[in-house]
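Beneath this line is the structure, given in structure tokens, with notes to follow.
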Amino acid sequence: MKKNEAKLETERNRRIAVNRKALHLYIVLDRVETGIALLGTEVKAIRDGQVDLSAGFARVENGQATLYDVHIKPYEYGHQFNHEPRRPRRLLLHRREIRKLFGSVTLRGRTLVPLSLYFNPRGKLKVELGLCQGKHMADRRETLKRKTADREAARAITEHGGKR
């Protein structure tokens, strides 16, 4: 494999952005991979890693899914063809997937949150959407306690195993 091909292969399989805040604030019930309609300067800015998913959410309106509040920094060399950083972006889903998400969001009070942004093996940009339910403060504390206990247990096992 040539040097350029290897570089392209690693670029295709990498995560560009991860929404860590969403995993803290929400319980992820289901995950959906979607395409996203972007402008050329947006794709170039995303390849440079200039994207923030932390405030993002998606809505299903008029039979189509739209992603809001995802900040893609304007491309440095875009000049007059640059994009608006927080514009709504259309998500590419099949009609039945949109209906399924619409039903879960409206009837059950769930939220659609972007969890990550990545290039699939074919080189297409994908958004991993999570069908989420908000955590209450007590749930967040419980999650934090569980993580701390797991970390301490792992540390104790490694210390005990290392003193043989």
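The values are calculated or read from the model by the stated rules, or taken from the named source; none is laboratory data. A quick note: this is a predicted structure, and the numbers were derived from the prediction, not measured. Backbone-built Cβ (ideal geometry, glycine too); neighbour counts: all protein chains shown.
For segment 56-164, list the strands (runs of 3 or more DSSP E) that sit wholly inside it and hold at least 1 residues that are among the basic types (Lys, Arg) and modelled with pLDDT of 90 or more; which are they?
Working: elements: 57-61, 64-68, 89-92, 111-119, 125-134.
Here the list reads 57-61, 89-92, 125-134.
I'd like to know if segment 115-129 contains one or more residues that are surrounded by fewer than 10 Cβ atoms within 10 Å (Cβ to Cβ) and more than 21 Å from the chain's Cα centre (by Cα). Full working, then the answer.
Within segment 115-129, the subset surrounded by fewer than 10 Cβ atoms within 10 Å (Cβ to Cβ) is 121-122.
Then keep just the ones that are more than 21 Å from the chain's Cα centre (by Cα); that gives none.
Checked against the condition, which is being surrounded by fewer than 10 Cβ atoms within 10 Å (Cβ to Cβ) and more than 21 Å from the chain's Cα centre (by Cα), segment 115-129 yields no hits at all.
Can you tell me which residue within segment 72-104, out of those that are in contact with a Ser or Thr (Cβ under 7 Å, 6 or more places away or on another chain) and hydrophobic (A, V, I, L, M, F, W, C), is surrounded by the fewest Cβ atoms within 10 Å (Cβ to Cβ)?
81
Can you tell which of 31, 87, 47 is over 15 Å from residue 126 (Cα atoms) and among the basic types (Lys, Arg)?
87
Output the number of the condition that residue 78 fails; it satisfies all remaining conditions of (1) more than 22 Å from the chain's Cα centre (by Cα); (2) farther than 19 Å from residue 36 by Cβ.
Of everything listed in (1) more than 22 Å from the chain's Cα centre (by Cα); (2) farther than 19 Å from residue 36 by Cβ, residue 78 misses just condition (2).
Just name the residue that is surrounded by the fewest Cβ atoms within 10 Å (Cβ to Cβ) out of those in segment 49-71 that are of a type in the set (S, T, N, Q) and closer than 18 Å to residue 129 by Cα.
Going through segment 49-71, the residues of a type in the set (S, T, N, Q) turn out to be 50, 54, 62, 64, 66.
Subset that is closer than 18 Å to residue 129 by Cα: 54, 64, 66.
On the way: 54: 16, 64: 13, 66: 16.
So the residue we want is 64.
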